[in-house]
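Below is one structure, written out as structure tokens, with a few remarks after it.
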Amino acid sequence: MERTAFMSPSRPRQLTLTMFTIGFGYHNDAWRHPSSVAEQVGSLKVVAEMAQAAERAKLDAVFFADNVASGAIRKNAVRGASFYEPIATMGALIGSTEKIGMIGTMSTTWSEPFQVARQFAALDQLSGGRIGWNVVTSINGNENFGREQMPLPEQRYERAMEFVDVVLQLWDSWDRDAIICDRETARWVDPDRVREIDHVGEHFRVKGPLSIPRSPQERPVVVQAGQSAAGIELGSSYADLIYTVQPELDAAIAFRTDYRQRVAAKGRNPDGVRILPGIMPITGRTKAEAQEFADELANCIYEPGGREVVERLLDVSVADLELTERIPLERLIDGPQRMERWKLFRDLSQEMTLGELMVHVSRAVGHRVMVDTPDRIADSMIEWFEAGACDGFNFNPPSVPEGMHRMFDLLVPVLQERGYFREDYEGDTFRERSGLVLDEPSTVAEPVG
């Protein structure tokens, strides 16, 4: 079948902005703040109001993480808990929102390609083309799926590469003009335009075709967040949006430059892939007001829980250390199973005291944090954008609703006034509104920085 490529939008290049949608707030223990809505988390009301607020701010999408392991909940480490299962939540929000994209996480380790392709295709149809799939391989949850231990990372990513390929084949198994609705011949579809994929691989055997018509946006948006070599291979092969942890400008520039070159080397248009580092803006009308709010959230941190977060992230005991001490380097043992984020925290632990590190990881788990006025935060975001460090950002709201509304009411208008973010949506789908072009290999640009 001949496919027509999406064309790049004519409007000037602007920031892509999404939001990590967590009712407790992204700052650890922010739920203890008096302004939180912790009592209502898990209800549709909380998440619907978050999505509606993001839509009023004209964000590209809201993002739902997922975690199939529940051990942290019993320790009250609720930031990483998934009280909003993505498929169910996005389905519920379709009627509460009109234009904003919705990105849901689904693991390739604990799912099957046909099931994932069908669920996301159905949501995309029901929402009019507003759905994205965040591809993960899972780092836990084996106890809930009959496995004694987690598969090794290389095994998970090998499965994931084939998994995503099968999903894309299934999404492509219907031609755009497959539905002919010919009442005279009693043919709703032309059977020649709905094809089996007959996939036989190392991990999957899938005949197809998909039982859902082709996406209104060609296919749901594909999102990926791994920073390991295997994760980058997966993302550069398939993803439209890349979430990344990049707290430093120079490293972010190098990461994006390398990523775009990898995308282009695979015959893909690097302009169709957006790199979005996470950022937590803690802001106020003045610097003092922003700092006061940051201090309030820091004071919400429950010290035993904060210590546990540090121990869990670094796989080290800190029970005997004072908050004013640094973690001894000899306790931090590297190994092949260590993720890139572990190495980042290891380095930070040698620059910060335990107390400082506890506040830092409680705020953003390695993501960039800014405590400042809206103008200063906007200055920095624009600097990163113009320097080629990113194509936008994924907001980590420090608290809900107060920290979230400060982002939307104070910061986003500054970005709009300066022309770096939209004042209204343009286009019919998530992909169109965000300029996530899909080009044929023949139209791919040369590698660029």
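Computed quantities for the displayed model
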quantity: Amide proton proximity set for R368, modelled H, under 5 Å, gap of 5+; calculated: Q246, G278, M280
quantity: For the stretch 8-139: relative contact order, % (alpha-carbon pairs under 8 angstrom, 6 or more apart); calculated: 23 percent
quantity: Charge dipole (the chain, unit charges on Cβ, about Cα centre) - positive-most of F421, L126, P270; calculated: L126
quantity: Cα centroid separation - the stretch 117-152 against the stretch 168-230, whole Å; calculated: 17 Å
quantity: With eigenvalues of the C-alpha gyration tensor scaled by 5 and rooted, the chain, Å; calculated: 36, 25, 22
quantity: Size descriptor, Kirkwood hydrodynamic radius, that averages inverse alpha-carbon separations across the stretch 249-383, Å; calculated: 17.2 Å
quantity: Computed over the stretch 65-114: relative contact order in percent, which uses C-alpha pairs under 8 Å that are six or more apart; calculated: 39 percent
quantity: Using alpha-carbon coordinates, inclination of helix 287-299 to the longest axis of the chain, degrees; calculated: 90 degrees
quantity: Whether the stretch 306-368 is rounded, prolate or oblate, judged on the alpha carbon gyration tensor where a/c under 1.5 counts as rounded; calculated: oblate
quantity: Degrees between helix 303-314 axis and first principal axis of the chain (Cα, 0 to 90, nearest 10); calculated: 50 degrees
quantity: Reach of K343 by Cα under 26 Å, taken over lysines that are not fewer than 8 positions away in the same chain; calculated: K75
quantity: Distant-in-sequence amide H partners of T16 (H built 1.01 Å from N, under 5 Å); calculated: G392, F393
quantity: Built amide H within the under 5 Å cut-off of G101, gap 5+; calculated: A61, V62
quantity: Selected from L411, L276, L313 as most flexible by GNM, with the chain as the system and alpha-carbon contacts under 10 Å; calculated: L313
quantity: Three-way shape call for the stretch 6-161 based on the alpha-carbon gyration tensor, with the a/c threshold at 1.5; calculated: oblate
quantity: Per-residue ³J(HN,Hα) for the stretch 120-126, Karplus 6.51 cos²θ - 1.76 cosθ + 1.60, θ = phi - 60°, Hz, x for Gly and Pro; calculated: 6, 5, 5, 4, 5, 5, 5
quantity: Contact order normalised by residue count of the chain, Cα under 8 Å, 6+ apart, percent; calculated: 24 percent
quantity: Eligible aspartates and glutamates near K99 by straight Cα distance, threshold 16 Å, same-chain separation 8 or greater; calculated: E49, E55, D60, D124, E423, D424, E426, D428, E432
quantity: Over the stretch 162-209, equivalent-ellipsoid semi-axes from the Cα gyration tensor in Å; calculated: 28, 10, 5
quantity: Residue-wise HN-Hα coupling along the stretch 421-436, computed from phi with Karplus coefficients 6.51, -1.76, 1.60 (Hz; x: Gly, Pro); calculated: 8, 4, 9, 7, 6, 10, x, 9, 9, 3, 4, 5, 5, 9, x, 8
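Every read-out reported here was derived from the displayed coordinates using simple, explicitly stated rules and does not represent laboratory data. The model shown is predicted, which means the values in this text are computed figures rather than measured ones. Ideal geometry is used to build each Cβ from the backbone, glycine not excepted, and the neighbour counts take in all protein chains shown.
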